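Trainee: Mind looking over this structure? Questions follow.
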Amino acid sequence: MGHDGVVETFATYLREHGLPVTAQRLAIAHVLLGSERHLSADDVASELARAHSRIGLATVYRTIELLVKSGLLVERDFGEGFRRFEPARDIPHHEHLLCTVCGTVHEFRDERLERMTTLVAEANGFARQRHLLVIYGVCADCQRAAPIRRSPLTRP
Ligand SMILES: [Zn+2]
Ligand SMILES: [Zn+2]
């Protein structure tokens, strides 16, 4: 998947900070930095358990903190009561769509939306710094699997 280089960068970060480069830490980094998805700590632990090693959740959390500190991993809070993480790839700023049925997170970027946030900020006398947008809904796969439950808000 071409993310071995990033895992190596993490190993270098650990060495430079006098922290042990353990197989467990590298396995956790491998899962998180190689994922296209937005994983939670639980996701990482169960993925590792499925693959090979039994790594405690505390170790997963500690390694995640190190990955975030190193700048290789970005934290996301979608208001679900837990945090998710995605690799800090060279991709530009993007927004997220979150499926409330299967929990899948999709990414998108839209120039019109970017311009819109600037206009709204200006109209309110704001010097825009940044923005976050999450669209909650039901993904195409889940819509096919079951009929859409309309939220009370969208009901006429
Ligand atoms: Zn879904
Ligand atoms: Zn993302």
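Trainee: Any residue in the range 5-26 that is of a type in the set (Gly, Ala, Ser) and closer than 24 Å to residue 105 by Cα?
Mentor: Residues of the range 5-26 of a type in the set (Gly, Ala, Ser): 5, 11, 18, 23.
Still in the running and closer than 24 Å to residue 105 by Cα: none.
So far as the range 5-26 goes, no, none of its residues is of a type in the set (Gly, Ala, Ser) and closer than 24 Å to residue 105 by Cα.
Trainee: Only one of 37, 25, 50 is among the charged types (D, E, K, R) and over 21 Å from residue 75 (Cα atoms); which? Before you say what the answer is, go through the steps one by one.
Mentor: Values: 37 fails: over 21 Å from residue 75 (Cα atoms); 25 fails: over 21 Å from residue 75 (Cα atoms).
Exactly one residue qualifies, and that residue is 50.
Trainee: Just checking, how many residues over the range 101-131 are of a type in the set (Gly, Ala, Ser) and modelled with pLDDT under 95?
Mentor: First, the residues of the range 101-131 that are of a type in the set (Gly, Ala, Ser): 103, 121, 123, 125, 127.
Adding the requirement that they be modelled with pLDDT under 95 leaves 103, 127.
Counting residues in the range 101-131 that are of a type in the set (Gly, Ala, Ser) and modelled with pLDDT under 95 gives 2.
Trainee: Output the residues belonging to the range 109-151 that are within 16 Å of ligand 1 (Cβ to nearest atom), within 20 Å of the chain's Cα centre (by Cα) and surrounded by 13 or more Cβ atoms within 10 Å (Cβ to Cβ).
Mentor: 134, 136, 137, 138, 139
Trainee: Yes or no: residue 40 without any contact (Cβ under 8 Å) to a residue 12 or more places away in the chain, closer than 30 Å to residue 143 by Cβ and of a type in the set (Ser, Thr, Tyr)? Can you show your working first?
Mentor: Values: without any contact (Cβ under 8 Å) to a residue 12 or more places away in the chain: no; closer than 30 Å to residue 143 by Cβ: yes; of a type in the set (Ser, Thr, Tyr): yes.
It is false that residue 40 is without any contact (Cβ under 8 Å) to a residue 12 or more places away in the chain, closer than 30 Å to residue 143 by Cβ and of a type in the set (Ser, Thr, Tyr).
Trainee: Moving on to the next point. Quick one: in the range 133-156, of everything that is farther than 27 Å from residue 84 by Cα and part of a loop (DSSP other than H, G, I, E, B), which residue is modelled with the highest pLDDT?
Mentor: Only one residue tops the list, namely 147.
Trainee: Okay, moving on. What do you reckon, is residue 72 exposed (fewer than 14 other Cβ atoms within 10 Å of the Cβ) and out of contact with any Cys (no Cβ under 8 Å at 6 or more places or on another chain)?
Mentor: Details: exposed (fewer than 14 other Cβ atoms within 10 Å of the Cβ): no; out of contact with any Cys (no Cβ under 8 Å at 6 or more places or on another chain): yes.
No.
Trainee: How many residues are of a type in the set (Lys, Arg), surrounded by fewer than 19 Cβ atoms within 10 Å (Cβ to Cβ) and part of a helix (DSSP H, G or I) when one looks only at the range 8-55?
Mentor: Going through the range 8-55 one residue at a time, the tally reaches 2.
Trainee: Oh, and also: From the residues in the range 92-108 that are over 19 Å from residue 35 (Cβ atoms) and surrounded by 11 or more Cβ atoms within 10 Å (Cβ to Cβ), which one is nearest to ligand 2 (Cβ to nearest atom)?
Mentor: Looking at the filtered set, the residue picked out is 100.
Trainee: Going by the structure shown, is residue 25 in contact (Cβ under 8 Å) with a residue 12 or more places away in the chain and within 16 Å of ligand 2 (Cβ to nearest atom)? Write out each step before concluding.
Mentor: Numbers: in contact (Cβ under 8 Å) with a residue 12 or more places away in the chain: yes; within 16 Å of ligand 2 (Cβ to nearest atom): no.
Judged against the criteria, residue 25 is not a match.
The values are calculated or read from the model by the stated rules, or taken from the named source; none is laboratory data. In this text the structure is predicted, and so the values were computed from the model without any measurement. Note that we place each Cβ from the backbone using ideal geometry, even for glycine, and neighbour counts take in every protein chain shown.
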